[in-house]
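Q: This is the structure, below, for whatever I ask next.
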Amino acid sequence: MILGLAGKACSGKNSASRFLEERGFLSLDVDKLGHEALELRRDAVIESFGNQVANDDGTVNRKALGEIVFGDRKRMKELESITHPAVFEMVQSFLEENKGRNLVINAAILGPAGLDRLCDAVLWVEAPLIHRIIRAFKRDKNKISHIFSRIRLQRHLTVQHFFSGVDIYMVRNRGSLSDLKKQVDMFLSDYENF
Ligand SMILES: CC(C)(COP(=O)(O)OP(=O)(O)OC[C@H]1O[C@@H](n2cnc3c(N)ncnc32)[C@H](O)[C@@H]1O)[C@@H](O)C(=O)NCCC(=O)NCCS
Ligand SMILES: Nc1ncnc2c1ncn2[C@@H]1O[C@H](COP(=O)(O)OP(=O)(O)OP(=O)(O)O)[C@@H](O)[C@H]1O
């Protein structure tokens, strides 16, 4: 089974992914692929965003780039148009290399990047805004303005973004982590019995 795992920032995707790994799934973190894609396409990224996003060693300075794109949807789209094709190809290679295994594609932008059409089902992790803000604050120790700019950028990320007609299941992460784990297990047993 190829399972897409989606949801907004700090909804609990990584936590759900770990629980799925405990059940034998192999997971792919698309945020990390996005970072690899930045290096693969670094010339195009620096050409578009300028030397201010380049480190002294020529690699991309993600913090500086994040300062530009997280607050500006148009510029984020520009960055996505450079890196998403490479991300899509890397996801396809991962699926090809691991055919026959239970796989999880963990990606906030699963729907908008068209990755849902590679999946047998999507698990959407839902969490109330206030929980996501508190979790982000505790985990990343970021400035509150940074947390809000990411949240604002993802306003449009909803379950409606799945265009491929793939089956979508939902887990609600508003209690404890063990409650989330139970819901993931319930999803798996429902899916297997379907
Ligand atoms: C802007 C970049 C350089 C910032 O890197 P940085 O290491 O500081 O942040 P990180 O990648 O960990 O992302 C932080 C949070 O923002 C979310 N996020 C990142 N890119 C996007 C996006 N295009 N749309 C919505 N949310 C995003 C992530 O899921 C995560 O929750 C990097 O996020 C990036 O290159 N993004 C564009 C590529 C992309 O879409 N990646 C996300 C794949 S899920
Ligand atoms: N139910 C919960 N109770 C307490 N803490 C939680 C719960 N769910 C998640 N967390 C914590 O909140 C933080 C964010 O969770 P997680 O990394 O799973 O979310 P995410 O959706 O993958 O985030 P991102 O989009 O930023 O990658 C983590 O530190 C995690 O341990």
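The values are calculated or read from the model by the stated rules, or taken from the named source; none is laboratory data. Here the structure is a predicted model, which means the values were calculated and not measured. Note: ideal-geometry Cβ built from the backbone for every residue, glycine included; neighbour counts use all protein chains shown. With ligands, DNA and RNA removed, areas are computed over all heavy atoms of the protein, side chains included. Shrake-Rupley method; radii C 1.70, N 1.55, O 1.52, S 1.80 Å.
Q: For the chain, take the longest principal axis of its alpha carbons; what is the angle in degrees between that and the long axis of helix 177-193, to the nearest 10 within 0 to 90?
A: 60 degrees
Q: Here is a follow-up. Place +1 on the Cβ of every Lys and Arg and -1 on the Cβ of every Asp and Glu in region 2-193, take the dipole about the Cα centre, and give the residue among Ala107, Asn142, Leu157 whose Cα lies farthest towards its positive end.
A: Highest projection toward the positive end goes to Asn142.
Q: If you line up the Cα atoms of the chain on their principal axes, what length do they span on each, largest first, in Å?
A: The principal-axis extents, from largest down, are 54, 38, 28 Å.
Q: Another one. Averaged per residue, what accessible surface does the chain expose to a 1.4 Å probe, in Å²?
A: Computed with neighbouring chains in place, this is 55 Å² per residue.
Q: Hey, another quick one. Among Ile133, Ile82, Tyr169, which residue has its Cα positioned farthest towards the positive end of the charge dipole of region 2-193, with +1 placed on the Cβ of Lys and Arg, -1 on the Cβ of Asp and Glu, and the dipole taken about the Cα centre?
A: Ile133
Q: Turning to a different aspect of this structure: I'd like the trypsin sites (Lys or Arg not before Pro) in region 106-194 restricted to DSSP loop residues with at most 11 other Cβ atoms within 10 Å, sorted by number.
A: Lys141, Lys143
Q: Percent of accessible area on the chain owned by carbon and sulfur, 1.4 Å probe?
A: Of all accessible area on the chain, carbon and sulfur atoms account for 50 percent.
Q: Based on alpha-carbon centroids, what's the gap between region 78-116 and region 124-170 in Å, whole number please?
A: 19 Å
Q: Roughly how many debye, to the nearest 20, is the charge dipole of the chain about its Cα centre, given +1 on each Lys and Arg Cβ, -1 on each Asp and Glu Cβ, and no other charges?
A: In debye, rounded to 20, the chain gives about 1020.
Q: Then there is this: I need the trypsin sites (Lys or Arg not before Pro) found in region 14-104, filtered to DSSP loop residues with at most 13 other beta carbons within 10 Å of theirs.
A: For trypsin sites (Lys or Arg not before Pro) across region 14-104 that sit outside H, G, I, E and B with at most 13 neighbouring Cβ atoms in 10 Å, the list reads Arg23, Lys99, Arg101.
Q: Can you give me the pair-distance distribution of region 121-163, C-alpha pairs, 5 Å bins, whole percents?
A: 5, 19, 28, 22, 14, 9, 3, 0
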